[in-house]
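Report on the structure given below.
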Amino acid sequence: MKIGGTMANNSRDVHIQVQVDLDKKQGWIPMRFICEATCIDIKEIMDKWPQDGNIGTYPTTYYFKIRGTDGYRYLLRHNVTSDKWYMDDRW
C-alpha cells in the first residue's frame, strides 16, 4: 500500500489523503481516504474510467465512482502525472 498525493475538494480546497493499493489487473486503486480527520474506508468501487488527454498511450487522469462506509457515494479523480487526487462530488 502507498499513500497517494493529496486530494483537494475544488469547491472547498479541503486536502484529503488517499491510501491506495496495487491490484495486478487494475493498477493503483483507492482503499480509504481521510477527510477532515475522518477516515472513510471504500466499501465498493462502482466504476472506474480514464479521461481523454493521453500522454503517449497512457491516460493522464482516472475517475473512480465509489461508495464509502459512511453511506455516501463519491466521485474521485486521480491525476496520474502529478499523483494528486481530487474529490469532484459527494452524494
Completion exercise
The long-range amide H neighbours of Val80, using H built 1.01 Å from N in the peptide plane and a cut-off of under 5 Å, are Thr61, Tyr62
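Taking 0.36 nm per intervening residue step and subtracting the Cα-Cα distance, what contour gain separates Leu75 from Lys24 on full extension?
Numbers: separation 51, 0.36 × 51 = 18.36 nm, distance 2.26 nm.
Length difference between fully extended and current span is 16.1 nm.
Laboratory data are not the source of any read-out in this text; all were calculated from the coordinates shown. Note that the structure is a prediction, hence the values are computed from the model and not measured.
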